[in-house]
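Trainee: Below is one structure. I have some questions about it.
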Amino acid sequence: MRQPVVAGKFYPGNPKELDKMVADFFRNARETEGSAWGIITPHAGYVFSGAAAARAFSAFGEQKFDILVLLGPNHTGYGGDVSMSDEPWETLLGNLDVSSEMLEFMQKKGWKIDKAAHKFEHSLEVQLPFILKKFEKTPKILPICIREHDFEICRKLALDLFDYDTAHPDLNIGYVASSDFSHYLKPEIVKKRDMPAIDRITDGDAEGFYQLVAEEGLTICGVLPITVLLCLQEHKGGSAELLCYTHSGEAYPMPDVVAYAAIGFYP
């Protein structure tokens, strides 16, 4: 069982307080037309990014998912370059099981299980209370933590995920890419820095997004999960829409802020 490590830090450590906070975020989130197959959602402290996260998860509409693939960056440096988890994940609101069938398929494709990458990583843990509150029937998950900076690895991972998806038309599989956007910039310039990258996302330009982040030195921590999602879109088709954009200074005034975006990927 993978234990929570940022309860009481990134979100309330009391289950009742957490439940109410996430429910309030969803209550205030504006639903969008259509049903997203994938989202980009932030992973900061809930007081800063919880509203944007609820906005992203609301893009799933009333769908029921059998599996949610969770793609997160590796902040800790532990574990392998691309690391899956095979453990049930415990949260204050309940537990989530890993899809053993999808996990086995991905192992046969050469992807590895590495608990070390997930043990102290927060980028996927903070998504779980939103999943448990959003869906009446909790989907299984496939947590994947990515730290290797290589576009072709992202493309290969996306292709293998898509292969499983298309081989199982009876399953509804959704995708969650966990990312904050620019870090520690002045409030008046942060959006100017991020919007060219967001434009690449909404244009469906996987390689252009990846290259722009590298060339401009953008501090978008989930560049790799987002790149995987964009590579998936090359196979699945459809469009991406910016649902909201905000930053930490809108919660509390501060000289340097971290930015958050909610983006939905639609058929």
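The values are calculated or read from the model by the stated rules, or taken from the named source; none is laboratory data. Not measured: the values here are computed from a predicted model. Every residue, glycine among them, receives a Cβ derived from its backbone with ideal geometry; neighbour counts consider all protein chains shown. Quick note on the areas: whole protein, heavy atoms, side chains included, nothing else; ligands and nucleic acids left out. Shrake-Rupley method; radii C 1.70, N 1.55, O 1.52, S 1.80 Å.
Trainee: Determine whether segment 168-181 contains at least one residue that is without any contact (Cβ under 8 Å) to a residue 40 or more places away in the chain, over 27 Å from Lys137 (Cα atoms), buried (at least 21 other Cβ atoms within 10 Å of the Cβ) and not polar (S, T, N, Q).
Mentor: No.
Trainee: Sticking with this one: Scan segment 187-194 and give yes if some residue there is in contact with a helix residue (DSSP H, G or I) (Cβ under 6 Å, 6 or more places away or on another chain) and hydrophobic (A, V, I, L, M, F, W, C), otherwise no.
Mentor: Just the residues of segment 187-194 that are in contact with a helix residue (DSSP H, G or I) (Cβ under 6 Å, 6 or more places away or on another chain), to begin with: 187.
Among the residues that remain, those that are also hydrophobic (A, V, I, L, M, F, W, C) are: none.
No, every residue in segment 187-194 fails to be in contact with a helix residue (DSSP H, G or I) (Cβ under 6 Å, 6 or more places away or on another chain) and hydrophobic (A, V, I, L, M, F, W, C).
Trainee: Return only the number of the condition from (1) touching a residue at least 60 places away in the same chain (Cβ under 8 Å); (2) closer than 26 Å to Ile141 by Cβ; (3) crowded, with 16+ Cβ neighbours inside 10 Å that His247 does not satisfy.
Mentor: Result: His247 passes all but (2).
Trainee: Could you tell me whether Glu234 is assigned to a helix (DSSP H, G or I), among the acidic types (Asp, Glu) and closer than 16 Å to Ala36 by Cα?
Mentor: Numbers: assigned to a helix (DSSP H, G or I): yes; among the acidic types (Asp, Glu): yes; closer than 16 Å to Ala36 by Cα: yes.
Answer is yes for this residue.
Trainee: Pull out all pairs, ordered by first then second residue, where Cβ-Cβ is under 7 Å, the residues are six or more apart or on different chains, the first lies in segment 65-85 and is in contact (Cβ under 8 Å) with a residue 12 or more places away in the chain and closer than 9 Å to Arg147 by Cβ, and the second is in a strand (DSSP E or B) and open to solvent by 10 Å² or more (accessible area, probe 1.4 Å).
Mentor: Gly80/Lys112; Ser83/Lys112
Trainee: Counting only residues that are in contact (Cβ under 8 Å) with a residue 60 or more places away in the chain and outside any loop (DSSP other than H, G, I, E, B), which one in segment 113-127 is most open to solvent (accessible area, probe 1.4 Å)?
Mentor: By that ranking, first place goes to Lys119.
Trainee: Between a first residue in segment 182-209 that is under 10 Å from Val257 (Cβ atoms) and a second residue that is assigned to a helix (DSSP H, G or I) and modelled with pLDDT of 95 or more, which pairs have beta carbons less than 6 Å apart while being 6 or more apart in sequence or on different chains?
Mentor: Ser182/Val190; Ser182/Arg193; Ser182/Asp194; Pro187/Gly249
Trainee: Looking only at segment 231-238, decide whether some residue is within 14 Å of Asp150 (Cα to Cα) and not aliphatic (A, V, I, L, M).
Mentor: Yes, segment 231-238 contains at least one residue that is within 14 Å of Asp150 (Cα to Cα) and not aliphatic (A, V, I, L, M).
Trainee: Same structure again: Do we find that Leu224 is closer than 25 Å to Leu70 by Cβ, out of contact with any Leu (no Cβ under 6 Å at 6 or more places or on another chain) and either open to solvent by less than 10 Å² (accessible area, probe 1.4 Å) or not in a helix (DSSP H, G or I) (or both) in this structure?
Mentor: yes
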